[in-house]
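This report concerns only the one structure given below.
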Amino acid sequence: MKSKLSGILLFSELVLMAVVPVSYSQELEIIPGKQQPYQSDINTVLLDHFDGTTAARIRAYKNNGQPCGNPMPEIPPDYSYAPGLEGLNQALTMSLPEGMPAGSQTYLHYSGGQLLSQPEGTIEFFVYLSSRENSISVSQGPFFGSCAGWTMGMSIAASGRVEASAWAAFNMNSGSVIVPLNKWTHVAATWGSKGAKLYINGVQVGSDTNTGMPAYGYGGSVMISTNGTCGIDELRISNIARTDFNVSSKIADYGTFVGTVQKVSRGEILVGGRDIGSVVKMGDRLYLFAGDEMITLEAIFPMMTVVKCKVISGHKDKIKTGMQVYIKSKSK
């Protein structure tokens with residue numbers, strides 16, 4: 001549904017738009033390690049652990065095709081609690097209401113007003129996606145069905161790219177860095193006097209020099225919706241632009257990301273990545289992770305954008321296309 005605006009950001013029922021995936025997209029995943037839950041501090045505006053309960057009201061609406069202007073009809077939501085990332089106890093899983101038309105959504109509705117309208121701010125959470133057709137979206141606005149008044153949105157597109165924007169302020173995305181499937185992933189957006197920044201698993205992946213904030217004064221509240229089955233955990237909104245997200249076992253601890261597995265054959269593993277040939281040399285040891293197991297590769301034929309490798313240690317049958325590959329810093 002598309003509607004005209006009068007200068008206010010519109011997220012047309014927050015239907016996620018697909019973007020064309022970029023070749024050699026980088027997936028930033030959390031390497032196994034116990035995640036510690038966040039503790040509330042003086043800068044915490046909202047903290048939701050989802051440990052069998054939530055600070056939000058869980059709701060759902062039916063997309064009946066009505067024009068914008070009035071709230072969508074309310075229907076029973078579809079959700080459940082299940083174990084989350086190790087160390088975080090439970091997480092919330094939201095699904096599309098069964099038997100409802102496309103575009104119907106289950107969502108979280110946080111009371112308390114425009115919580116994202118902070119001069120300096122951060123929104124962050126862990127998300128679990130099982131399919132590119134299933135995604136999650138954060139918005140600040142009046143209600144689903146409103147024609148205008150949407151002052152901030154953050155979503156994961158069908159390509160896996162993270163996007164965040166605020167009306168008359170910042171607009172940024174993660175470019176070729178995407179959220180992987182079937183893994184808990186931390187995403188965050190910050191804004192303030194030093195500009196806006198976007199993070200995946202604690203790594204900055206996007207930015208905007210605009211120092212604006214999500215507008216205040218248009219009413220509404222924070223809502224988090226899904227267009228499929230998605231998991232969410234450890235939601236935190238802050239009134240500062242955080243830079244340390246305490247993500248367990250950050251990628252930096254395991255070296256430099258160089259690319260992803262492009263092909264697995266009997267005799268070799270093909271790893272692809274932009275400029276990988278300028279980083280990886282013949283004989284270099286590369287590393288990837290299959291669950292709790294670290295698999296070591298040796299580069300046997302580096303080229304400009306791909307490197308042929310052989311498995312040195314670990315189970316080759318656990319290697320799948322799309323897995324991330326790292327090289328340890330050569331200064332160590």
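The values are calculated or read from the model by the stated rules, or taken from the named source; none is laboratory data. All figures in this text were calculated on a predicted structure; none of them were measured in a lab. Every residue, glycine among them, receives a Cβ derived from its backbone with ideal geometry; neighbour counts consider all protein chains shown.
If a residue has to be out of contact with any helix residue (DSSP H, G or I) (no Cβ under 7 Å at 6 or more places or on another chain), crowded, with 16+ Cβ neighbours inside 10 Å and farther than 30 Å from Gln118 by Cβ to count, how many in the range 46-102 make the cut? Summing the residues that are out of contact with any helix residue (DSSP H, G or I) (no Cβ under 7 Å at 6 or more places or on another chain), crowded, with 16+ Cβ neighbours inside 10 Å and farther than 30 Å from Gln118 by Cβ in the range 46-102 gives 7.
In the range 111-129, the residues that are under 18 Å from Gly220 (Cα atoms) reach residues that are surrounded by fewer than 22 Cβ atoms within 10 Å (Cβ to Cβ) and of a type in the set (Phe, Trp, Tyr) with C-beta atoms within less than 8 angstrom, at least six apart or across chains, in these pairs: Gln114/Tyr216; Gln114/Tyr218; Ser117/Tyr216.
Counting just the residues of the range 278-328 that are hydrophobic (A, V, I, L, M, F, W, C) and outside any strand (DSSP E or B), which one comes out nearest to the chain's Cα centre (by Cα)? Once the filter is applied, the top-ranked residue is Met323.
Within the range 190-201, the presence of at least one residue that is free of Cβ contacts under 8 Å to residues at least 60 places away in the same chain, out of contact with any Leu (no Cβ under 6 Å at 6 or more places or on another chain), among the aliphatic types (A, V, I, L, M) and more than 30 Å from Ala290 (Cβ to Cβ) is confirmed.
Residues checked against (1) in a strand (DSSP E or B); (2) in contact (Cβ under 8 Å) with a residue 40 or more places away in the chain:
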{"residue": "Ala102", "(1), (2)": "no, no"}
{"residue": "Ser137", "(1), (2)": "yes, yes"}
{"residue": "Trp150", "(1), (2)": "no, yes"}
{"residue": "Ala188", "(1), (2)": "yes, yes"}
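In the range 135-156, the qualifying residues are those that are within 21 Å of Asp233 (Cβ to Cβ) and among the polar types (S, T, N, Q), and the one that is surrounded by the most Cβ atoms within 10 Å (Cβ to Cβ) is Gln140. Name every residue in the range 240-267 that is in a loop (DSSP other than H, G, I, E, B) and either surrounded by fewer than 17 Cβ atoms within 10 Å (Cβ to Cβ) or at pLDDT below 70 (or both), in order of residue number. Answer for the range 240-267, where residues must be in a loop (DSSP other than H, G, I, E, B) and either surrounded by fewer than 17 Cβ atoms within 10 Å (Cβ to Cβ) or at pLDDT below 70 (or both): Thr243, Asp244, Asn246, Ser248, Ser249, Lys250, Gly255, Ser265, Arg266, Gly267. Here is the figure for the range 157-191: residues that are small (Gly, Ala, Ser), buried (at least 19 other Cβ atoms within 10 Å of the Cβ) and either closer than 18 Å to Ile240 by Cα or in contact with a Ser or Thr (Cβ under 6 Å, 6 or more places away or on another chain) (or both) total 5.
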